[in-house]
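Have a look at the structure below before the remarks.
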Amino acid sequence: MADPHPVLGIDLNVPVLEDDPEEDDQVVRQPVVEIYMSNPIDWDEVQEDFFDLGNPIFFHQPEEGDEENQDGEGEDAEEAQGTGEDAQEAQGTREGAQARGTGGDGHHNVQGSLLPDLNEMPAENGTDDIFEDFGSNIGQGSNSGTNIRRRKQYSDDTKRAVYAMLLEGSVRGHLPEGVSLHVSLAMDVSLRCVQRIWKEGQKGGGIHAVVNKRVGNCGRKRIELPMEAIAAIPFQDRTTLEDLARRLGVSKSHIHKRLKEGKIERHSSAIKPFLTDENKKARVQHALNMLEPSTIPHQPVFKHMYNVIHADEKWYYRTRSNQKYYCVPGEERPRRTCKSKNYIEKVMFFGGQSRPWFNNQNVCVFDGKIGIYAFVTTEPAKRKSPNRPRGTLITKPIVSVNRDVIRRYLIDKMLPDIKAKWPAEGRHETIWIQQDNCRSHIPVDDPEFCAAAQADGWDIRLTCQPANSPDTNVLDLGLFAAIQALFHRSGMPKTIDEIVQKVEAAYWNFPVGRANRVFLTLQGCLREILKEKGGQHYPVPHMKKAVLERLGTLPKTLSCDPTIVQDAIDFLASV
């Protein structure tokens with residue numbers, strides 16, 4: 001729809017010449033370009049708003065108030081004391097100043113400033129000063145007394161609209177007095193910027209010259225890092241940002257900025273077990289056994305792993321040798337002491353964890369926590385001390401954990417808890433207890449254990465994970481580390497009993513949802529083992545499981561590419 005207020009008449013692309021002949025005064029310039037303005041200007045309304053004495057615009061605010069005006073009046077009176085005519089002129093000057101100061105009706109404004117008579121033409125030597133003072137105050141608002149000056153950048157459309165309004169009000173290439181001021185008020189652009197836009201348009205050849213000078217990126221150009229040069233530096237020479245910056249010949253802050261932008265990645269290299277060919281073959285075979293046989297080879301999917309209990313041991317120390325804290329300036333730093341950092345009190349724990357069970361409404365019916373058991377013993381104290389008398393029962397950690405201890409803990413502690421906590425739906429299925437190949441572990445066909453595991457109609461069996469493969473056990477994969485973090489967060493214990501209590505509390509308070517996500521991480525690691533042909537140098541896969549769980553789209557099992565599975569089968573056949 002066309003704009004209802006078109007402005008006709010001026011070619012904005014052609015500057016107005018200043019040396020037009022006088023005989024062309026009566027010639028009416030023909031319309032060449034139609035300019036549609038969304039907000040046409042009503043000059044009478046602008047003038048009425050501008051000269052509204054109810055909201056006056058103060059061009060000058062004297063700092064000393066009325067004292068300077070009084071001093072000026074006294075000087076005029078002294079200079080006029082020569083003749084009577086001079087005295088009358090001085091008196092008239094004072095009365096005119098008083099009338100102007102009261103706004104014409106005998107009342108001073110609230111700020112004590114003098115309003116100039118805008119209906120009178122200012123002197124030639126005073127026009128520039130008035131507009132310069134006014135233009136420097138435009139846009140400052142109520143905070144005009146502050147010295148904060150911010151340069152505002154106007155868009156190309158705003159500048160072209162200003163130039164069009166100036167052309168509309170120009171006469172033979174000249175701007176009549178007051179046009180720039182009216183345009184400045186109407187467009188909310190400073191007076192000096194309006195004048196600068198007019199000059200740019202006149203010198204540049206029309207409205208196309210009124211554009212911003214800032215095109216594209218401004219400022220200092222980025223120093224790009226050559227990725228090939230970084231890759232050519234040996235790894236031992238780029239272990240810190242300072243070493244890398246020195247080799248590249250740039251500042252350390254520049255390297256840090258590229259690190260935050262993701263141009264450079266930080267990697268922590270962990271030492272992993274050495275794998276033989278037999279170890280790799282066993283790892284691939286173990287990963288293939290975790291796939292559902294009915295889905296191979298077309299759509300391989302991992303098993304649910306609801307009937308597998310992962311068992312392992314871990315040392316838990318009373319405190320870390322190095323602990324990080326965040327303090328405020330001037331705060332007293334924590335002070336920790338011990339007799340020797342090499343002999344910090346510690347306790348070994350034996351834990352068992354299976355995958356949690358959820359019903360169709362995604363409600364947990366079995367948390368999968370079998371139990372965590374401390375290798376400790378209770379005996380009476382043989383000597384007295386300042387803290388207790390002789391004969392008091394004290395708790396001591398079991399220093400040497402051998403097969404007999406493991407067998408006793410399996411039969412006396414873990415098996416009864418499995419039979420008491422296992423869901424009734426899985427009672428008649430085979431339950432596997434997966435352990436590593438540590439020498440202190442009992443063999444899978446241990447007669448004493450098998451007799452206790454098969455009692456009362458249960459089918460509980462032992463199985464061993466591949467050698468040198470901690471990434472195939474959920475306890476080593478992340479569960480034990482999470483429990484240790486919760487343990488240290490609860491405060492530093494002082495006794496062995498407190499260590500046992502805090503570790504058990506951290507185990508039972510561990511969220512069930514996170515335990516379920518660790519089993520999905522295990523399936524992702526098994527998929528990477530098949531992809532690497534039994535190798536262990538792969539990044540732990542991440543799939544944003546917490547986000548998927550909140551959205552309700554977390555899968556129960558992961559699938560595997562049929563090509564990867566077929567290559568793994570071919571690898572076993574070729575070895």
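Structure summary
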{"item": "Cβ pairs under 7 Å, 6+ apart, first in the stretch 443-458 and open to solvent by less than 50 Å² (accessible area, probe 1.4 Å), second assigned to a loop (DSSP other than H, G, I, E, B)", "result": "Phe449/Ile442"}
{"item": "Hits in the stretch 368-388 - residues which are surrounded by fewer than 17 Cβ atoms within 10 Å (Cβ to Cβ) and of a type in the set (D, E, K, R)", "result": "Glu379, Lys382, Arg383, Lys384, Arg388"}
{"item": "Number of the exception - Cys438 against (1) in contact (Cβ under 8 Å) with a residue 24 or more places away in the chain; (2) over 22 Å from Trp315 (Cα atoms)", "result": "(2)"}
{"item": "Candidates Lys396, Lys382, filtered to the one that is charged (D, E, K, R) and in a strand (DSSP E or B)", "result": "Lys396"}
{"item": "One residue from Arg160, Arg172 being at positive phi, open to solvent by 70 Å² or more (accessible area, probe 1.4 Å), in contact (Cβ under 8 Å) with a residue 60 or more places away in the chain and in contact with a Leu (Cβ under 9 Å, 6 or more places away or on another chain)", "result": "Arg172"}
{"item": "The stretch 260-277, subset over 17 Å from Glu532 (Cβ atoms) and either among the basic types (Lys, Arg) or more than 41 Å from the chain's Cα centre (by Cα) (or both), residue most open to solvent (accessible area, probe 1.4 Å)", "result": "Arg266"}
{"item": "Failed item in (1) within 45 Å of the chain's Cα centre (by Cα); (2) open to solvent by less than 10 Å² (accessible area, probe 1.4 Å); (3) aliphatic (A, V, I, L, M), with Ala482 passing the rest", "result": "(2)"}
{"item": "Failed item, numbered, when Lys341 is tested on (1) open to solvent by 100 Å² or more (accessible area, probe 1.4 Å); (2) among the basic types (Lys, Arg); (3) touching a residue at least 60 places away in the same chain (Cβ under 8 Å)", "result": "(3)"}
{"item": "Some residue of the stretch 552-575 being within 30 Å of Thr337 (Cβ to Cβ) and of a type in the set (Phe, Trp, Tyr)", "result": "no"}
{"item": "Positions within the stretch 431-478 being among the hydrophobic types (A, V, I, L, M, F, W, C), in contact with a His (Cβ under 8 Å, 6 or more places away or on another chain) and in a helix (DSSP H, G or I), in sequence order", "result": "Val474, Leu475"}
{"item": "Test: residue in the stretch 325-336 that is farther than 30 Å from Thr553 by Cβ and open to solvent by less than 50 Å² (accessible area, probe 1.4 Å)", "result": "no"}
{"item": "Yes/no for Ala186 being surrounded by 14 or more Cβ atoms within 10 Å (Cβ to Cβ) and under 15 Å from Tyr154 (Cβ atoms)", "result": "yes"}
{"item": "Top-ranked residue of the stretch 278-298 - restricted to ones that are outside any helix (DSSP H, G or I) and at pLDDT 90 or above, ranked as least open to solvent (accessible area, probe 1.4 Å)", "result": "Leu291"}
{"item": "Residues being surrounded by 14 or more Cβ atoms within 10 Å (Cβ to Cβ) and over 33 Å from the mean Cα position of the chain (by Cα) - total across the stretch 543-563", "result": "2"}
{"item": "Any hit, the stretch 345-362, residues being at positive phi and either of a type outside the set (Ser, Thr, Tyr) or outside any strand (DSSP E or B) (or both)", "result": "yes"}
{"item": "Segments classed as helices (runs of 4 or more DSSP H), wholly inside the stretch 214-277, with at least 1 members that are under 20 Å from Pro539 (Cα atoms)", "result": "227-232, 252-261"}
{"item": "The stretch 420-442 - residue that is charged (D, E, K, R) and touching a strand residue (DSSP E or B) at 6+ places or on another chain (Cβ under 7 Å) and, of those, most open to solvent (accessible area, probe 1.4 Å)", "result": "Lys421"}
{"item": "Candidates Gly391, Gly351 - the one that is under 18 Å from Trp508 (Cα atoms), of a type in the set (Gly, Ala, Ser) and open to solvent by less than 60 Å² (accessible area, probe 1.4 Å)", "result": "Gly351"}
{"item": "Meets criteria (open to solvent by 30 Å² or more (accessible area, probe 1.4 Å) and assigned to a loop (DSSP other than H, G, I, E, B)) for Val365", "result": "no"}
{"item": "Any hit, the stretch 385-404, residues being within 15 Å of Ile309 (Cβ to Cβ), among the small types (Gly, Ala, Ser) and either out of contact with any Ser or Thr (no Cβ under 9 Å at 6 or more places or on another chain) or modelled with pLDDT under 95 (or both)", "result": "no"}
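The values are calculated or read from the model by the stated rules, or taken from the named source; none is laboratory data. Predicted model only: the values in this text are computed from it and were never measured. Glycine gets a Cβ as well: all are built from the backbone with ideal geometry, and neighbour counts include every protein chain shown. Please note that ligands, DNA and RNA were not included when accessible areas were found on the heavy atoms of the full protein model with its side chains. Shrake-Rupley method; radii C 1.70, N 1.55, O 1.52, S 1.80 Å.
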